[in-house]
Structures are given as C-alpha cells and as structure tokens.
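The block underneath contains the structure these notes are about, expressed in structure tokens.
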Amino acid sequence: MTDSSRRQSTDRTSSSEAEALTELESLLDRSQDTHLTAAEVEVLAQLRQIVLEQQPQTPTARSQPPPHKNFTTEEEAIAELRDLLFGPELQAKLDKSQLRVEDVSRVLPEAIILRSLQDDQLTQAAVPTVEQAIQTSVRRDLNTLSDALFPIIGPASRKAAMAALKTFVATFNQALDHSLTPRSFRWRLEAMQTGKSFAEVVLLRTLVYRVEEVFLIHRQTGLLLHSLAVDPTATQDADLVAAMLKAIQDFVQDSFKVKQQDRLDALEFGELTIWIEQGPQAILAGIIRGNAPKELRENFQATLETIHKKFYQPLLNFRGDDTPFEASKSYLENCLQSQYQTTSDKPSPLLLLLIGGLLCTLGWWSFMSFQARQKWQAYLNTLNLQAGIVVVSADSHFGKYYISGLRDPLAADPIQLISDAEIDPKNVVSRWQPYISLEPQFVTKRAEKLLQPPKTTSLKVDRNGVLYMTGIAPRQWIAQAKKVAPNLPGVTQLQTEHLTETELQELLKTKTELEREILLFVNDRPQLLPNQQQKLEKVVAAIQKLTKIAPIVNKDVRIEIKGHADSDGSTEHNMSLSQARAKQILSTLVSQGIRASDLTTIGVGAQEPWQQKASQNNREMNRRVSFKVFLTDAP
C-alpha cells in the first residue's frame, strides 16, 4: 500500500471515528431524556455490555489491534469504541492521584480482612505504626487515650484481681502440698543429703523441662545479638556464652573433619542441655533444664525463620551494633517455655482439714469478736446515757479496750457498769478525770449534802438552776439556807414560797387547837363545872405556847375570851352572866402567869348558841367560854 493510500485510509478512519463518536454522544445525550424509547434504551445497554466484555491490553492508550494476522475489522471497531468510551476516564484516574486514593479507599477494608485471614504479617507490619501513633497521641493529649480506655480499666482490673486471687490460691495449695505431704518430707531429706535447697529439689522433681535462657548469635562473627533469661539475676555473661558456643562449633568442625554443612545442634552437660538452631545469618541457642519435647525444637526453628525474615537487612549489614535486634525480644520470649508435672486436681485431705480448721477458727474468732464489739458498744451507749459522765475517747486494740473521759463524783461508777455489761474489767483501761456536772440531779444532791435539810423539807433544782424548797423547816435553818444556797454551783435562784417555818407551823397548829377548846360552866353561875379543870390546864398550856412562839416568828398574839349563856333568862341577865364567865377565865389565866395585855374578854349572851335546836344538852353546851386567837405581824 502506498503512502497516499495509507493517508486516505487514515482519513477515512478518523472520519469514521468522528462519526462514531458523534453518534455515541448523541445516544448518551438522549439517554438522559426522560422520553427515551424502550428500544433505544435496550440498544444502548447492549452496546455498553459489548464494550465491557472486551478486555483492553492497555487501558491508558487507544486500543491497538493485536499483532496477529487474524485481527478482524469488527475487533478493531470494538477496540476503538472501548477507547472512546473509557480511555479518557482511565487516563484521568492515572493522572489524578486523588482519584486513585478514592479507588483504593473503596477496596482497602476488604483487602485488610482478606490478608488478615491468610497470616499475621499484616498485623506485625502494622505494630510499629500503631505503637508510634499511640505514643504521638499520648504526647499530644493524655486525656484522649485515658478516656478511651476508661470503660475497660474497671473490668480489666477486676479480672486481673480475680486472676491474681486464683493464682494465689493455686500457689498456696501447691505450697501446702509441697510442705505437708509425705513426698515433701522425702524431698526435704534429699535436700539435706545432697546439700541443695528445698526449692531446687522441688524444681528437679516436678519440672519436665524449662528453657532458662535463649541467645541470638550472629553466625559469621559469633557476636551476641540479643538474649533473654527466666531469671536475669542468675545468668552468666551472655557475650561470653555466645563466644564459647561459636568456639565449640569451630572446634568440632576443625577437630573431627566434619562436612562444612554439618553443624552442632545440641550439647549436654549435667542437668542442662543446649539446643542450637542455625540459619543463614544467625544462630538461636537455648539452655534447657529437663527433657524437652521435639515440638520445642520446631518452635526454635520457626522463631529463627521469623527473625531472619523480619531482620534480614540488619543481619546482612551487621557490623557490631546490636541495637536493631532489641525488637527481637517478643520473638525470643516465645522460646522461654516450661512444663511441670501435672498433679491431681483433687485437694489433699490434709489441705481440706487445714482449711476447715482455719475456717472454723476464723468463724469462731469472728463470732467472738462480733459479740465483744456488741458488748463494748452497749457499754459505751450506757455510759453516754449516764448523767455526769462524758466519754472523750474510746478505742480497742488486740482485745484491749481503752476509754477516757470526765466523771462527776456523784455519777454512777463506770467500773461497776463494766461488770454489768459482762466485760472483763481487766481488759478495760479507764482514765476518768473529775469534774462538776451541772445536771439538776447532781446540783440537788450537792444542795442536800451541804444544807442537810430536815426530813420535813425537800429540795429540787430545775433545768434553769432554780432551787425549790418545800415543806416545813426551822426558821434558823431557813435563814442559813438562804445564805448558802445561792453559792452552790448550778444554783441561779432560790424559791421558798412553799417552805413554811416550823415555829409558824407550830403556832398555827396551837392556835387551831386552842380555838377548838371550850370550858363549860354551872347553870346561871360564872363557875366552871368540876370536870373542866383538866381542860383549863390544857388551855393555859396552849396560851403559854402561843405567847412563846409568836415572838420567834415576828408575830403578835392576842387571845379573845368569849363568854356564852343559854337562852334561859333575860337578855340583860345573859349578857352580864356571859361577861362574868369571860372575866373569870381571864383572872385564872393571869394567875397562871399569862400577861393580861395578851388577853381580852367579851360576853355575847345567848347570841351565838352551840346549836339552834333547843335541848338539854345544847343548853349545857351554851353555858361555855370559847377562845379566838388573832396573829399579826410584829412591828
């Protein structure tokens, strides 16, 4: 084909492409029309399906016909159409990074899930990034991480506490089993015979195997890269151990003419065994006590392979700096395994007996302690209710009780109250300081003790400090009490309204007795009947008593002698007769030493009869003399 023909063909192709593009754009524009027919929609869908089913070789350039002779015009047209439909969009995605990011974000979650199901390489690769992100977050704002962890800290702490408790119980059970069983006594005897400690003998008799140390050694140089030990304080110089292992391997190869690819994989000396696993760049060695299973060697091999994979470049470029290999600690920790002989889960009878005894002892002690606390509290409550006792401090330590406070001497005895509370006084240390309580009952007791009132007098102090004196008391005592009582602690006022002097009481009593006395006279005469002499003497004694007591109580006494007569006779006669009778008694009293100035007479005739009814007896009673006593305050 000539150049002219090629140009014509190219022009036709370009023209065809332009026409096809115009037609396709027309169809696409019409697809947005709501009046698109069903046939047009179906044709457009078929066209898109045909294009999608064809896989282009290069999505970023226009589809080129395949370089083989069987390429057809139809396939070329399909490629051109695909390029027209999707070429610009794919090229735009490659040119714009933001579009690629969006595409990756759509598939990234599913990709992470699928990769995580295959192995843990994605997890290990993400660990440094996650750790760095956490450190950055903590440095930026500590509260963010703490707030996020707060909901799980509580449950995690409780779970850890329960786990620690279970571990403690298991350890305690194991310790009892190792200490109180016949087997433990054999082990103690063996420890004494061999000179080893009991712990070492127990370890040897119960241990199946334990990896005590692991070493990661650079194969070419024999230098230590990293090491771990179960008990770091009991380890030897790790660098020296690594150098010796390298020297031993070189010695074996040089001395026994073994093949270059043959390597030393185990050493045994005494109770220890050294397993050695070799890799292209590193050696993993572990010191084992006991008989380890073959699964442990497989674990060593897997660990060494992982280290070669994770630290390939540091191993290859190692020049003596072991800092990069500190990150291998997590892999080496998987090699520090151990296994102990399993014992029956059934607790020993001795353990059950011991636990039962401890529980019984603890229960009895708890009961007795509770009962003692109840008694002590009841005693304190009793003290707090006692007047005149103030508890300042009360405490208990190891079965001893200590109490101190203030006590009024008149208050109840705290020692006696201790016995009443069923507490042993020997277990109580008491310290009481005396003080004066102002409680009314104690103020009253002090007043009674100081004033010593007569039995006819009672004292009482109220809450306001008022001292009430009631009853009968001698005048002298009352005067003394009025001087002393206001000076008593707690007494603010003295009240004696209801306190009567004994002398005054006696004066009033004698007055009443005298006013009840009458003296009878002979009919129509101012002479006493013969049987009235004893009454007259009684009247004389009463009047003498009145005149004696009255000055003591600052009273003046005046006795009125009243004469009476019956209704027989005239009024004038009866009046004169009654007056004569009164004067007769006055004369008799004066003759007995009674002052006349204290006596007066009056005659009332028949005006004040004994009774209104007229009878022989009443007439006899009307022929009488009566007495009236008048008491007035002395000037």
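Quick note: the coordinates plus some simple rules give every number you see, no bench work behind them. These numbers come from a predicted model, not from an experiment. Here Cβ is always computed from backbone atoms with ideal geometry, including for glycine, and neighbour counts include all displayed protein chains.
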- Could you pull out every residue, at least 5 positions away or on a different chain, whose amide H is within less than 5 Å of the one on Gly279? Hs are placed 1.01 Å off N in the peptide plane, and Pro or chain starts have none. Leu284
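Which pairs break 23 Å Cα to Cα here: Lys545/Lys583; Lys511/Lys583; Lys511/Lys555; Lys509/Lys613? If you can, show how the numbers build up before the last one.
Values: Lys545/Lys583 21 Å; Lys511/Lys583 21 Å; Lys511/Lys555 13 Å; Lys509/Lys613 31 Å.
Among Lys545/Lys583; Lys511/Lys583; Lys511/Lys555; Lys509/Lys613, the Cα-Cα distance tops 23 Å for Lys509/Lys613.
I'd like the antiparallel share, as a percent to the nearest 5, of DSSP beta bridges with both residues in segment 503-633.
Once the DSSP bridges in segment 503-633 are tallied, antiparallel ones form about 70 percent.
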- Task: May I have the convex hull volume per residue, in Å³, for the Cα set of segment 350-434?
- Result: 84 Å³
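What percent do you get for the relative contact order of segment 189-339 when only Cα pairs under 8 Å and 6+ apart count?
30 percent.
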- Lys and Arg at +1, Asp and Glu at -1: add these up for the other residues within a Cβ distance under 10 Å of His564 and post the number. +2
- Regarding segment 464-510, what is the average projected area of its C-alpha convex hull, in nm²? 3.2 nm²
- Message: Please give me the summed charge of the neighbours of Ser419: other residues whose Cβ is under 13 Å from its Cβ, Lys and Arg +1, Asp and Glu -1.
- Response: -2
- Counting pairs of alpha carbon atoms under 8 Å apart in space and at least six apart in sequence, what relative contact order in percent does segment 462-508 give? 53 percent
- Message: Can you sort Cys360, Cys335 from fewest to most other Cβ atoms within 10 Å of each residue's own Cβ?
- Response: Cys360, Cys335
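Please label the shape of segment 400-497 as rounded, prolate or oblate, based on the square roots a ≥ b ≥ c of the eigenvalues of the alpha-carbon gyration tensor (a/c under 1.5 means rounded; beyond that, a/b larger than b/c means prolate, else oblate).
prolate
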- Message: Give the separation of the Cα centroids, segment 394-445 to segment 487-549, in Å.
- Response: 54 Å
- Query: Ranked by Cβ crowding within 10 angstrom, fewest neighbours first, how are Met469, Met368 ordered?
  - Reply: Met368, Met469
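Taking neighbour Cβ counts within 10 Å as the exposure measure, how do Leu316, Leu536, Leu459, Leu284 sort from fewest upward?
Least to most surrounded, the residues fall as Leu316, Leu536, Leu459, Leu284.
Counting other Cβ atoms within 10 Å, keep those with at most 14, restrict to DSSP loop, and tell me which trypsin sites (Lys or Arg not before Pro) in segment 247-325 are left.
When the trypsin sites (Lys or Arg not before Pro) of segment 247-325 are filtered for loop state and at most 14 Cβ neighbours within 10 Å, Lys257, Lys259, Arg319 remain.
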- Query: Cα extents of segment 189-339 along the three principal axes, largest first, in whole Å?
  - Reply: 55, 37, 28
